[in-house]
1. Karplus couplings for the stretch 107-123 from phi (6.51 cos²θ - 1.76 cosθ + 1.60, θ = phi - 60°), rounded to Hz, Gly and Pro as x?
2. Just the number please: accessible area per residue for the chain, 1.4 Å probe, all protein chains included, in Å².
3. Note down the accessible area of residue 267, probe 1.4 Å, to the nearest 10 Å².
4. The stretch 20-85 to the stretch 159-224: how many Å between their Cα centroids?
5. Using DSSP to define loop residues, name the GluC sites (Glu not before Pro) in the stretch 196-229 whose beta-carbon has at most 15 other beta-carbon atoms within 10 Å.
6. Using θ = phi - 60° and the Karplus form 6.51 cos²θ - 1.76 cosθ + 1.60, what ³J(HN,Hα) does each residue of the stretch 293-305 get, whole Hz, x for Gly and Pro?
7. Give a quick list of trypsin sites (Lys or Arg not before Pro) in the stretch 201-283 that DSSP marks as loop, anything other than H, G, I, E or B, with at most 14 other Cβ atoms within 10 Å.
8. Leaving ligands, DNA and RNA out of it, rank 295, 206 by accessible area with a 1.4 Å probe, largest first.
Amino acid sequence: MKKENLRIVYMGTPDFAVEALRQLVEGGYNVVGVITMPDKPAGRGHKIQYSPVKQYALEQNLPLLQPEKLKDEAFVEALREWKADLQIVVAFRMLPEVVWNMPRLGTFNLHASLLPQYRGAAPINWAVINGDTETGITTFFLKHEIDTGEVIQQVRVPIADTDNVEVVHDNLMMLGGKLVLETVDAILNGTVKPIPQEEMAVVGELRPAPKIFKETCRIDWNQPVKKIYDFIRGLSPYPAAWSELIASEKAESVVVKIFESEKVYESHQLAAGTIVTDGKKFMKVAVPDGFVSILSLQLPGKKRLKTDELLRGYHLEDGCKMK
């Protein structure tokens, strides 16, 4: 079968999922329909916002479904009418068997980790938070348990010590689009030899990649320098690591988001969370084995600033600290 005749249904929601869809469309593959999350109100005005995948699908005049429930009979029937030969899932939702088992060639998923490592909703964040020097992308066939299906292909990608999650995300997104096309071609050509994940070699223990919530993002200043440095870049720029800043002994705490930092290995006798600053150019926070120097941050209701910009308009007194 030629790629123009292979009927593909594509499922995805965020920016990460747009690139593979774009490469399929521009590559001349036959995308007969797109499924994305229902529209949601967002921002201060609670305006209805389309997902990035929906925006792209509308621009390309692709048929679109946005089911509330994936087991809904009307949705399942509408999906059947597209007569898909193959379904592709990128950053979507857990599918019921009635959906993933529908196409004759199956359903495959693009996952942003080297499965079986980092199964879960936030694999890119957790790889950076844990200080990994390598991550990757994996395509695999769906089955009952989430992120456990047989692996089709993998690509390994280095993580530099200076990379934040945005850099890694964008690298994996571009490579992911290419890998989706290669996987479709391999399925079309009958050259796929899926490997069960339990047969794949893994160095060390398997680590999960659970969904990240606000409380997950709070910095623990009792951790060592490297751990906090990796934590900050693993959440930057979104959703962002945060801490409570107390500007003086009498001041109330304010929540600050921290986006960039540097490692400073220096012995001291200060309590963890103590801020050392000249009030003009630098601000560093004491941790057990040194300091974390803060390079950019954001106060509530304000824009993100470099530390020297913030210090010009925000006075920190002796006794200031992070907690």
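The values are calculated or read from the model by the stated rules, or taken from the named source; none is laboratory data. None of these values were measured; they are calculated from a predicted model. For neighbour counting, all protein chains shown are included, and Cβ atoms are generated from backbone atoms with ideal geometry for every residue, glycine included. All accessible areas refer to the heavy atoms of the entire protein, side chains included, with ligands and DNA or RNA removed. Shrake-Rupley method; radii C 1.70, N 1.55, O 1.52, S 1.80 Å.
1. These are the phi-based 3J(HN,Hα) values: 10, 10, 10, 9, 10, 8, 7, 8, 3, x, 6, 6, 6, x, 7, 10, x Hz.
2. Values: 16610 Å² over 323 residues.
Each residue of the chain exposes 51 Å² on average to a 1.4 Å probe.
3. About 110 Å², ignoring ligands and nucleic acids.
4. Cα centroid to Cα centroid, the span is 24 Å.
5. On the way: sites: 198, 199, 205, 215; in loops: 205.
The qualifying sites are 205.
6. Listing the rounded values in order: 7, 8, 9, 8, 7, 9, 8, x, x, 10, 7, 5, 10 Hz.
7. Working: sites: 211, 214, 218, 226, 227, 233, 250, 257, 263, 280, 281; in loops: 211, 250, 280, 281.
Loop-located and lightly packed - 211, 250, 280, 281.
8. Values: 295 55, 206 90 Å².
Result, largest first: 206, 295.
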